[in-house]
Structures are given as C-alpha cells and as structure tokens.
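Only one structure is covered here, and it is reproduced in the block below.
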Amino acid sequence: MDEILKYFPNLTDLQIEQFQKLDFLYHDWNEKINVISRKDIDSLYTKHILHSLGIAKIMKFEPGTTVLDVGTGGGFPGIPLAILFPETRFYLIDVIAKKIKVVQGVADALELKNVKAEQKRAELVKGDFDFIVSRAVTNMPDFVSWIHDKIKKQHKHKLKNGILYLKGGDLTEELKDFPNANLYDLADVFEDEFFETKKVVHLPLKFKP
C-alpha cells in the first residue's frame, strides 16, 4: 500500500480505505478462485494495482468518461482505475465467468457504483466508449479488430479517444502497422524494477459508425 501512496499522495480517505481493502479481498478470493498466480499475489500492489494505475499517469479521466476494460481477468486495470476515478464509468468484461464473479465480488465489497462487470466477448459489446483499456490480452492487431467500432466520436481529453494498453517488452514488430501509436515508459514514473520494460501504449482510433 505504501507504494500507492508514494505515487498517488492526494487520495481521499475513502480511496485509501478501498485500496487497503484490496489486499484482503484478493487474497480471500484467490483462495476460492485462482485469478492471480500464487507467485504474484504477494506482489499485488506492485504487479497488479500500481501497474494498472500506470494508465492514470498518462491519462486523467474527466468526470463522465466511459471506459471499457477488455479481458479484465480479476479486475485489472479496471478496479484500481475505478477507485482512482469515481466519476468515470467502467465496464469490465471477460469471457471467463469465474473471473467476472471475482470482479463483481470485489466491486460490491468496495461499493464501487461506477463499475459494471459482465461475462462477454469484446466483439459483442454494444455502445461506444471514450477509451478502451487492457493488460496485454492479445497482440494489438487482433485487439483493434475486436474493438475498432466502439470508440466515441467526440474527444474531451488531451489524448484522443482510443486504446490505452498496458504491455511490456519490445513492441516494434507488433506496432509496425500503427504509426500513430504513442509509447509511454512506466519506468519513467515508477522506480520498481518490475516496470523497466513496461509501457502504456496509446493508440488513437477514429470513430467508426
């Protein structure tokens, strides 16, 4: 929890309480439904929560923003972002029902009114969103094919509407067909060595009716 406060010192008392509760909630759920690997659960705050919040170092969502989290797994990056941005609406989806059960359980325990969780494939989602977030569920070309028609036309942020993708390693080959993609190194904002190769990829996408 200390590293969250280190990088996000202006949290409200409620947000601090919610972030603190994540430790118990994910350990408890992981005993019942394994959504975080055993070796990673003890590094929950660095490898999952802080990593998710890397998006917040690139983008401050305005009130009323809508965000789709594709392949959310146990709720990352959606749950930490929903705590940080209570006036942004988050729709968390995954194809695996037991993972959505965990997400819903965590959201209910934290009383997150801005989170909707559902078992669904991205291609079947109706509606459009300001941003679509994810943590490396697939390669970028496939990901774009799933969600390219779900972007809102009107922009209200400094960064244009589109994808905010958490990914690591050398992305040169994967992004060769996306020259307008912007890469932000998380090592520039977080000191832990875990972030040395981690990036946020912003890929603006044009509205498609």
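The values are calculated or read from the model by the stated rules, or taken from the named source; none is laboratory data. Keep in mind that what you see is a predicted model, and the values were worked out from it rather than measured. Backbone-built Cβ (ideal geometry, glycine too); neighbour counts: all protein chains shown. Ligands, DNA and RNA are excluded from the accessible area calculation, which covers all protein heavy atoms including side chains. Shrake-Rupley method; radii C 1.70, N 1.55, O 1.52, S 1.80 Å.
Scanning region 183-206 for residues that are farther than 21 Å from residue 43 by Cβ and loosely packed, with under 15 Cβ neighbours inside 10 Å returns 183, 206. Filtering 145, 43 for residues that are without any contact (Cβ under 8 Å) to a residue 24 or more places away in the chain, open to solvent by 10 Å² or more (accessible area, probe 1.4 Å) and among the small types (Gly, Ala, Ser) leaves a single hit, 145. Among the residues of region 1-44, those that are aromatic (Phe, Trp, Tyr) and over 18 Å from the mean Cα position of the chain (by Cα) comprise 24, 29. Mind listing whichever residues of region 12-40 are surrounded by 13 or more Cβ atoms within 10 Å (Cβ to Cβ), farther than 26 Å from residue 201 by Cβ and among the hydrophobic types (A, V, I, L, M, F, W, C)? Of everything in region 12-40, those that are surrounded by 13 or more Cβ atoms within 10 Å (Cβ to Cβ), farther than 26 Å from residue 201 by Cβ and among the hydrophobic types (A, V, I, L, M, F, W, C) turn out to be 16, 25, 29, 33. Hey, can you tell me all the residues within region 153-194 that are in contact (Cβ under 8 Å) with a residue 40 or more places away in the chain, over 24 Å from residue 9 (Cα atoms) and out of contact with any strand residue (DSSP E or B) (no Cβ under 6 Å at 6 or more places or on another chain)? The answer is 153, 156.
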